[in-house]
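Engineer: Dropping a structure here in structure tokens format, bear with me for questions.
Each value in this text was obtained by applying a stated rule to the coordinates, not by laboratory testing. Since the model is a prediction, treat every value here as computed from it, not as a measurement. Note: ideal-geometry Cβ built from the backbone for every residue, glycine included; neighbour counts use all protein chains shown.
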Ligand code: DAH
């Protein structure tokens, strides 16, 4: 029986000496594989007489079980060590400061859209989107701007080539078509803002062919002009980060609202420097009004049951006012020096509670 004991000791030592999973497997094959040494001894059992076979068989099984258990334990500890090593090699120090040479900056337009949507989100608005290539119905007709209406000329529309049926798609001239898509697509109560790109065939000091707007729409059964005023005044004070800004709702005209107003904020231009929230001058910042009954009808809503307000403003304009950017066209020059000056640090996401523009 001595040879069995020394074989066991030898095999157990080999198991414990295995430095890798591959080594360990070799040891297993050498002991318990088809041609392994323990397997070989098992095969010899047939030649023994019954009593000796039973005794020898039991002893062999004990050794076999012992080896199997040792192989399992060794495998487990090698796998644990491999995992430890991998975790140590892949560790990441999350307390390191951000890479000091990070150069990317958030463009003032993205920043302004994030700020504005954060403010309206706080008031319970969700964000809606619509296509930049629009059809005539959504961009004009449903907004109470029928064909031949003079407002169509004012929009300097980019038209796409004529379709087989004579209709032409347009690049949307405002974000107002998202109002239509929202009212057609979901039941009131509705409370959305829709930021996005808009296009007009116009280019000078104060106009670029592509620009950005944000649209707002609230529809339910009781919303009135007082709510419109309260909502926009709250927005203006939060956005400009000034309390008690003088705000003026000046009667105006838009085909899709009745009554309509333009909103001016108080400012001073003394010494050529613009200050928001004080002074004797007024600055127009947005258009708004109560949604016109014709617009509700075009969207399948009953104006006897539903009502609400809408507003629209230019993102570049309010960005220029807040951040003192003097020239509209510089927004689209892709000049890195400009972006480094006016851009925002990527990880400072604007929130109403944490600060909009630190
Ligand atoms: N769509 C208008 C424009 O582009 C802006 C606007 C004015 C939107 C009044 C509105 C609104 O929703 O009520 O000039």
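Engineer: Suppose a student asked you for the relative contact order of the chain, using Cα pairs under 8 Å spaced at least 6 residues apart; what percent would you report?
Structural biologist: Working: 540 pairs, mean separation 56.8, N = 358.
Value for the chain: 16 percent.
Engineer: Which of 54, 168, 99 ends up with the largest GNM mean-square fluctuation for the chain, with Cα atoms connected below 10 Å?
Structural biologist: In the Gaussian network model the winner is 54.
Engineer: Using only Cα atoms, find the angle between the long axis of helix 50-89 and the longest principal axis of the chain, and express it within 0 to 90 degrees, rounded to the nearest 10.
Structural biologist: Between helix and principal axis, roughly 30 degrees.
Engineer: So how tilted is helix 108-122 from the main axis of the chain? Cα-based, degrees 0 to 90, rounded to 10.
Structural biologist: 90
Engineer: Compute the relative contact order of segment 1-157 as a whole-number percentage, counting only Cα pairs closer than 8 Å that sit 6 or more residues apart in sequence. Provide the component values of the computation, followed by the final result.
Structural biologist: On the way: 57 pairs, mean separation 26.3, N = 157.
Worked out over segment 1-157, it gives 17 percent.
Engineer: Find the relative contact order for segment 13-101 and round it to a whole percent, using C-alpha pairs within less than 8 Å whose residues are 6+ positions apart. Could you put the intermediate results ahead of the total?
Structural biologist: Details: 40 pairs, mean separation 26.4, N = 89.
It rounds to 30 percent for segment 13-101.
Engineer: Something else: What value, in deg cm²/dmol to 500, does the helix sum -39500 (n - 2.57) over DSSP H runs of n ≥ 4 give at 222 nm once divided by the residues of the chain?
Structural biologist: Details: 12 runs with 147 residues, N = 358.
Value at 222 nm, helices only, nearest 500: -13000 deg cm²/dmol.
Engineer: How many angstrom lie between the Cα centre of segment 215-277 and the Cα centre of segment 163-187?
Structural biologist: 26
Engineer: Moving on to the next point. Between residue 248 and residue 164, what FRET efficiency follows from the Cβ-Cβ distance if R0 is 41 Å, with the result rounded to 0.05? Could you put the intermediate results ahead of the total?
Structural biologist: Numbers: r = 49 Å, r/R0 = 1.20.
It comes out at approximately 0.25.
Engineer: Please figure out what share of the DSSP beta bridges in segment 108-342 is antiparallel and state it in percent, rounded to the nearest 5.
Structural biologist: Working: 45 of 47 bridges.
The antiparallel fraction comes to roughly 95 percent.
Engineer: Just to confirm the number: angle between the C-alpha axis of helix 2-17 and the first principal axis of the chain, 0 to 90 degrees, nearest 10?
Structural biologist: So the helix axis and the longest Cα principal axis differ by about 20 degrees.
Engineer: Continuing with this model, one more query. Of the candidates 65, 302, 136, which one comes out as most mobile in a Gaussian network treatment of the chain with C-alpha springs shorter than 10 Å?
Structural biologist: 65
Engineer: Okay, next question. Using a Förster distance of 35 Å, how high is the FRET efficiency between residue 258 and residue 122, based on the Cβ-Cβ distance and rounded to 0.05? Spell out each step's value before the answer.
Structural biologist: On the way: r = 29 Å, r/R0 = 0.82.
E between residue 258 and residue 122, to the nearest 0.05, is 0.75.
Engineer: Evaluate 2.2 N^0.38 Å with N set to the residue count of the chain, then give the Cα radius of gyration divided by it. Please report the intermediate quantities before stating the final value.
Structural biologist: Details: Rg = 37.6 Å, N = 358, 2.2 N^0.38 = 20.6 Å.
My calculation over the Cα atoms of the chain gives 1.83.
Engineer: A further question on this structure: Which residue, 348, 93, 335, tops the fluctuation ranking in a GNM of the chain built on C-alpha contacts under 10 Å?
Structural biologist: Looking only at 348, 93, 335, the biggest GNM fluctuation is shown by 93.
Engineer: Something else: I need the shape label for segment 2-87. Rule: rounded when a/c is under 1.5, else prolate if a/b > b/c, else oblate, with a, b, c from the alpha carbon gyration tensor.
Structural biologist: On the way: a/c = 3.16, a/b = 2.79, b/c = 1.13.
Cα axes put segment 2-87 in the prolate bin.
Engineer: Put a dot 7 Å past each Cα toward the Cβ at residue 35 and residue 61; how far apart are the dots in nm?
Structural biologist: Result for the modelled spin labels: 2.8 nm.
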